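Here the structure is laid out as structure tokens; the discussion comes afterwards.
Values quoted throughout were computed directly from the atomic coordinates according to the rules given, and no laboratory measurement underlies them. These figures come from a predicted structure and were not determined experimentally. Here the Cβ is made from the backbone with ideal geometry for all residues, glycine too, and neighbour counts use every protein chain on show.
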Amino acid sequence: MKIIDSILTDVASIAAIRKDIHAHPELCFQEERTADVIAKQLTDWGIPIHRGMGTTGVIGILTGRDGGACGRGIGLRADIDALPMQEFNTFAHASKYQGKMHACGHDGHTAMLLAAAKHFAKHRDFDGTVYLIFQPAEEGGGGAREMIKDGMFEKFPMQAVFGMHNWPGAAVGTFAVSPGPVMASSNEFKITIHGKGSHAALPHNGVDPVPVACQLVQAFQTIISRNKKPVDAGVISVTMVHAGEATNVVPDFCEIQGTVRTFTIEVLDLIESRMRQITDKLCAAFDARAEFDFNRNYPPTINSAVEADFARKVMEGIVGASNVIAQEPTMGAEDFSFMLQAKPGAYCFIANGDGTHREMGHGAGPCMLHNPSYDFNDDLIPLGGTYWVELATQWLANPTQS
């Protein structure tokens, strides 16, 4: 493993920043203290910053030995927000805020990018500009989309953008990257079925929306099994059903909610269209009426082939080809997808280990993401920081990449 010496030397100080951020988690678009910490470090290292993009975002502007005159630019992105979860850990850097926790490792993502920033501040042996993107509100707020709306790519011209997420389960020293879809689109639906209430002993006097909802839940799965191609991935999960207030009353309405995940917009279009048709026709068949709301939150995260291959080669130079594996697509979602819709780039995984670095957990095995006993593995800081430095330096040195 080829780790940059200066980053290895600074691991303890960067880890201390990470633990401070972990202890003070902030939810989407509320990351004021976190942004202050990031901005202070960058400023102390002599890196110009821009604040407020996407509400609480911070962008560091690192120009190389040419002062950025060549016009080439690359974006490196870390997310900075936490989750609305109660932490179970009791170590010294556990969350000090009730109901808020860094359970997805965004504190560690921030630390890895800060490690790269500190090295770059002292070693600007490249031409062009490296943009350090500290993005708010990944966890449901669409912070990437908001930064783009605020003109990030116009104000900070870059030809490519890259992201990275820790991934529990594999040994530290392992990366994963692949071209094409690597994370799914995230979408939510809410369907309100309006019937006609009645006494439960006299159901013929009303229109019961509950059996209609049951039929819908079952019918939606035929979209997956019979409407889309079997080779195309798609998930429809009804996760909430709400109806009624008394055991002897047929309710007026029943509400069902859930999520849809796909790797392509074409499959998403098909699923939404069929869900609407089935809802309208089935409710009509039962003499009920439906309100159908479908919200597209995050598009699929799709790595461009050239940039994914370039990232893989950089990883192989650091950890060896045997430690760079194919990136298995996951039905989880990521708002870095918005950046990849606007610019070429790649989103990779860096292994977070087997969980032995953590204090406690729920049974054997790695501490998974969004787990109340999760903690980022600080052994990743020098590796992730090295990857960012090598990726940006090599990309800027290769004009054909743009």
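Things to note:
- Footprinting exposure proxy ranking of 247, 262, 330, 279, fewest other C-beta atoms within 10 angstrom first, gives 247, 330, 279, 262.
- On Cα atoms only, tilt of 106-122 relative to the major axis of the chain in degrees: 20
- The convex hull drawn around the Cα atoms of the stretch 186-298, when projected onto a plane and averaged over every direction, covers 6.8 nm².
- Of all DSSP-defined beta bridges confined to the chain, some 70% are antiparallel rather than parallel.
- Relative to the longest principal axis of the Cα atoms of the chain, the long axis of helix 380-396 makes an angle of roughly 80 degrees.
- A crude spin-label estimate for the pair residue 296 and residue 242, with each label 7 Å from Cα along the Cβ direction, gives 2.7 nm.
- Relative intensity, log₁₀ I(q)/I(0), of the chain from a Debye sum that treats every alpha carbon as a point, q = 0.07, 0.10, 0.15 Å⁻¹: -0.38, -0.71, -1.30
- Angle in degrees between helix 305-319 and the longest Cα principal axis of the chain, rounded to the nearest 10: 60
- Compared with the alpha-carbon gap, the fully stretched path from residue 90 to residue 217 is longer by 41.6 nm at 0.36 nm per residue.
- Multiplying the residue separation of residue 235 and residue 124 by 0.36 nm and subtracting their alpha-carbon distance yields 35.3 nm.
- In this calculation the C-beta distance from residue 2 to residue 45 is compared with R0 = 25 Å, giving a FRET efficiency of 0.60.
- Residue range of the chain that is longest and free of GluC sites (Glu not before Pro) which are both DSSP loop and sparsely packed (at most 16 other C-beta within 10 Å): 1-244
- Relative contact order of the stretch 33-154: 38 percent, from C-alpha pairs under 8 Å at least 6 residues apart in sequence.
- Within a straight-line Cα-Cα reach of under 17 Å, residue 155 can be paired with the following lysines, leaving aside sequence neighbours fewer than 8 residues apart in one chain: 343.
- Partners of residue 313 within straight-line reach, counting aspartates and glutamates whose Cα lies under 12 Å from its Cα and excluding those fewer than 8 residues away in the same chain: 390.
- Local net charge near residue 163, Cβ-Cβ under 13 Å (Lys/Arg +1, Asp/Glu -1): -3
- Entry note, the chain: relative contact order of 24 percent, from Cα contacts under 8 Å with a spacing of 6+ residues.
- Backbone HN-Hα couplings from phi across the stretch 290-302 [Karplus 6.51/-1.76/1.60, Hz, Gly and Pro as x]: 10, 10, 10, 10, 10, 10, 8, 8, 10, x, x, 8, 10
- Amide H contacts for residue 57 (H built 1.01 Å from N in the peptide plane; partners 5 or more residues away or on another chain; cut-off under 5 Å): 52.
- Relative contact order for the stretch 186-298: 43 percent, from Cα pairs under 8 Å spaced at least 6 residues apart, divided by residue count.
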